[in-house]
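Novice: First, the structure itself, so that you have it in front of you.
The values are calculated or read from the model by the stated rules, or taken from the named source; none is laboratory data. On a predicted model such as this, the values are computed, not experimentally measured, just so you know. Heads up, the Cβs are rebuilt from the backbone with ideal geometry, glycines too, and the neighbour counts pull from every protein chain shown. Each accessible area value is taken on the protein alone, full model and side chains, heavy atoms only, with ligands, DNA and RNA left out. Shrake-Rupley method; radii C 1.70, N 1.55, O 1.52, S 1.80 Å.
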Amino acid sequence: MPSRPSARSALASAVGLAGAALGGLAAYDLTQKRHTILRNYPVIGHMRYLLEGLRPELQQYFIERNWDGRPYDRDIRSIIYERSKGIHGEQPFGTERDVNASGYEYLVHSIAPVPEPAKMPRVRIGGPDCTQPYSMALMNVSAMSFGALSANAIRALNKGAQLGGFAHDTGEGSLSPYHEEMGGDLVWELGTGYFGSRTATGLLDEDIFREKSAKHQVKCISVKLSQGAKPGIGGVLPGPKVTAEIADIRGVPEGEKCVSPPSHAMFSTPTELIEFLARLRELSGGKPVGMKLCVGSRVEVLSLCKAMLEVGTTPDFVIVDGSEGGTGAAPLEFEDHMGMPLTQGLMTVNNALVGTGLRHRIRIGASGKVAAGNDIVKRMIQGADYTNSARAMMMAIGCIQAQRCHTGRCPTGVTTQDPRRQRGLVVEDKSVRVKQYQEGTVAEAVKLMAAMGVSDPSELRPWMLRRNLSETSNISYATLYEWLEPGQLLAEPPETWAEAWSSATPDAFGTHV
């Protein structure tokens, strides 16, 4: 029988093969013309690309501190994960935040706290023109479409909403079977593409809309004007990604490019928008109808208010999306430099509605980095009636902030259509986590309010939130920001609002003030 090769000869062979492979790689690197680093530093230059690929994970797990990570720091992520698992989410040994830093904000507690209410507060959505009002929770699932999220992610979020008694926004990708399968309350969002109820030419098909909006699960209809991550631009789903399933759900041709235009085709003026919302309410049988926007110009918000006064009807709710919000991918320039942050957006919308005497007819939702109980209380002080959360809800079902949402390679199966990756997201387990996270966060918000001497959100006041202007001075929101009186814009606009008020018109959108 032939003798086996010696260990030494086997090692020599392996080294020879490795040397040949490295030599081949070096030859390729030296002759390729795409990468300067590899052309100048063959073989070892690949280390640069390897480390660059590992950088996000190294940063998140080994370098960033508990309080300074982005978009969500480690402390907030830990609270979400712990609450979703039914753990209290407490922290020992005191805060790690610099409570004297400029910009730090805190809630004002009372020497005489009040008992927590026996039932969690809810918000009635539905103005005088609405015949089917809806009782909204203080925290709900914000807009995320099927396609952007996996089928299992949608199922888990909606089942969690059903278990916890809160609402789930469909996102502009339309109602999907996965939204309806679990029976949770839905806010049906209509974007510029009118997906799920569109004609062949991209307009709203009223017959389809009437049929779908009549479904018992659909509690509200929201018309998306813009979103925080990318206000002012639409989106394109390439033809190869428009599968038969996506095509059927959205009502578009299979295999053809699917476009969400930047603006709506059903209206072009503030007056036409308000009339469109009223028409949707009529078609839906009187269900609450509202709009979602990232605020850009004070003039445009006031133009909408003037249109409401002229038409004689209002939306039932307005969802304000902050520029810091956004689950989907967007151009960096839009994410970082376009749109109004949520605080300023809420203040603008709330003041405009109060100043025109319309606030009592319209509820305001806040969407943008809402993750903890203090976020809910803070946004309600700033003018919101309730809040919506997207990324925190994603974390409740397993998202680890890998920021691979747009690649199709989400490691936790939340934002991918890959069946193998989706398999890791077990709906039965994650739906309970969604319910527990929402329940625990709202409970903490209510506990905070009780510590502030407040038994109902309607009792929150601007002076209950303060901000450090420097290490030695701070100021309350009552003084820091302007707060209009009911009807003040109609009677005598203050100097700070006069120019914008005179420039606003119900006949055109404008951004010059």
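Novice: Please identify every one of the trypsin sites (Lys or Arg not before Pro) in the range 218-302 that sits in a loop by DSSP and has no more than 12 other beta carbons within 10 Å of its own beta carbon.
Specialist: Here no trypsin sites (Lys or Arg not before Pro) fit, given the DSSP loop and packing criteria.
Novice: Once fully extended, how much extra length lies between Glu428 and Met47, figured as 0.36 nm per residue of separation less the alpha-carbon to alpha-carbon distance?
Specialist: Values: separation 381, 0.36 × 381 = 137.16 nm, distance 4.19 nm.
Taking 0.36 nm per residue and subtracting the Cα distance, the gain is 133.0 nm.
Novice: Moving to a separate point now. Return the percentage of antiparallel bridges among DSSP beta bridges fully within the chain, rounded to the nearest 5 %.
Specialist: Values: 14 of 43 bridges.
Restricted to the chain, the bridges split so that about 35 percent are antiparallel.
Novice: Can you give me the accessible area per residue for the chain, using a 1.4 Å probe, in Å²?
Specialist: With all protein chains present, the chain gives 48 Å² per residue.
Novice: Using only helices, what value at 222 nm comes out for the chain when you add -39,500 (n - 2.57) per DSSP H run of length 4 or more and divide by the total residues, to the nearest 500 deg cm²/dmol?
Specialist: When only DSSP H runs of four or more count, the value is -11500 deg cm²/dmol.
Novice: Could you tell me the calculated FRET efficiency between Asp207 and Asp418, based on Cβ-Cβ distance and R0 = 45 angstrom, to the nearest 0.05?
Specialist: That gives a FRET efficiency of 0.80.
Novice: Ok, one more. Keeping the other protein chains in place, figure out the carbon and sulfur percent of the accessible area of the range 101-140, with a 1.4 Å probe. Don't skip to the answer; put the middle values down first.
Specialist: Working: 1400 of 2370 Å².
The nonpolar share, carbon plus sulfur, comes to 59 percent.
Novice: Additional query: Please work out the C-alpha center-to-center distance from the range 384-442 to the range 274-328 and express it in whole Å.
Specialist: If we compute the Cα centre of each part, the gap is 28 Å.
Novice: Using the Kirkwood formula over every pair of different C-alpha atoms, what hydrodynamic radius in Å results for the chain?
Specialist: Its Kirkwood hydrodynamic radius stands at 25.0 Å.
Novice: Could you pull out the pairs from Lys257/Lys287; Lys119/Lys159; Lys119/Lys430 whose alpha carbons sit more than 30 Å apart here?
Specialist: Lys257/Lys287
Novice: So which DSSP H runs in the chain come out at 27 Å plus along the axis (Cα) with average Kyte-Doolittle of at least 0.5?
Specialist: Flagged H segments are 7-31.
Novice: Exactly which chymotrypsin sites (Phe, Trp or Tyr not before Pro) in the range 11-83 are in a DSSP loop and have at most 15 other Cβ atoms within 10 Å?
Specialist: When the chymotrypsin sites (Phe, Trp or Tyr not before Pro) of the range 11-83 are filtered for loop state and at most 15 Cβ neighbours within 10 Å, Trp67 remain.
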